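Encoded as structure tokens, the structure appears first; notes follow it.
The values are calculated or read from the model by the stated rules, or taken from the named source; none is laboratory data. All figures in this text were calculated on a predicted structure; none of them were measured in a lab. With ideal geometry, Cβ positions are generated from the backbone for all residues, glycine too; neighbour counts draw on all protein chains shown. The accessibility values were calculated without ligands, DNA or RNA, using every heavy atom of the protein model including side chains. Shrake-Rupley method; radii C 1.70, N 1.55, O 1.52, S 1.80 Å.
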Amino acid sequence: MGKLQTKSDDKLGVKLTGTPEQGQHITLNQDAALQKIFGTQHPELAEALMTHCLKVLKSSEASDEHPGNDERFFMLGAIAELKPRDVVERMLAVQMAATHVAMIRSGRWLANADTMDQVQAHYTGYTKLARTYAIQMEALRKHRNGGKQTVTVQHVNVADGGQAIVGDVSHRGRGNDKK
């Protein structure tokens, strides 16, 4: 298993400390670090989106007191990797990171279930979150591609006298043909 999360991430340019009860403290180690993570020129929007990230986490997932369970840097790192391009992508990136954390949380509960009722409840929740995440990924893809799916053929050679066929091709044997 990899090393546990630290309270500061130099690549993201952010230091997070605190607890939900005592308050969260965000220190920017780089100018406009939150704006860079969320892909916006507006510091107010970046701060609000950061607040949204913290709101969806359980107390133990946003706390210095539980470093092995801290999801704050995961949320920011996942959003930074998605590289949101506009306000729709920024909000969707926050939702996707939150959905992923909730899905992993649900998976942990499923793994620790003791009764069939618990297993069923956590399995149902996990499955719904996994489907939601897939729908969010598809929404992001469609938003980025304008709803179009693109297929690119990079190289086709057709020799003189040859024919190119686009579509399904099947070869049928002669079957019961008599000679």
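General remarks:
- Amide H contacts for Gly18 (H built 1.01 Å from N in the peptide plane; partners 5 or more residues away or on another chain; cut-off under 5 Å): His25, Asp64.
- Taking the 1.4 Å solvent-accessible surface of the chain as the whole, the part contributed by carbon and sulfur is 52%.
- Beyond 24 Å in Cα-Cα separation lie the following of the pairs Lys58/Lys128; Lys55/Lys142; Lys128/Lys148; Lys11/Lys83: Lys55/Lys142; Lys128/Lys148.
- Pairwise label distance in nanometres, Glu81 with Thr115, each label 7 Å out on the Cα-Cβ vector: 3.8 nm
- The helix-based estimate of mean residue ellipticity at 222 nm for the chain, built from -39,500 (n - 2.57) per DSSP H run of four or more residues and divided by its residue count, is -16000 deg cm²/dmol to the nearest 500.
- Residues Val94, Val153, sorted by accessible area with the largest first, give Val153, Val94 [1.4 Å probe; ligands and nucleic acids excluded].
- Residue-level accessible surface for Asp9, protein heavy atoms, 1.4 Å, Å²: 40 Å²
- Computed on the Cα trace of the stretch 38-113, the radius of gyration divided by the Kirkwood hydrodynamic radius gives Rg/Rh = 1.01.
- The calculated Kirkwood hydrodynamic radius for the chain is 19.9 Å, given to one decimal from all distinct C-alpha pairs.
- For the chain, the relative contact order comes to 15 percent (Cα pairs under 8 Å, sequence separation of at least 6).
- Total formal charge among the other residues, if their Cβ is under 15 angstrom from that of Ala130, Lys/Arg +1 and Asp/Glu -1: +3
- Accessible surface computed residue by residue for the chain, with neighbouring protein chains in place and a 1.4 Å probe, gives 71 Å² per residue.
- Cα-based convex hull, the stretch 1-86, per residue volume (Å³, whole number): 93 Å³
- Loop-located trypsin sites (Lys or Arg not before Pro) across the stretch 70-137 with a Cβ neighbour count of 14 or fewer within 10 Å are Arg85, with loop assigned by DSSP.
- Note on Ser59 and Lys15: the model spin-label points, each 7 Å out from Cα along the C-beta direction, lie 2.6 nm apart.
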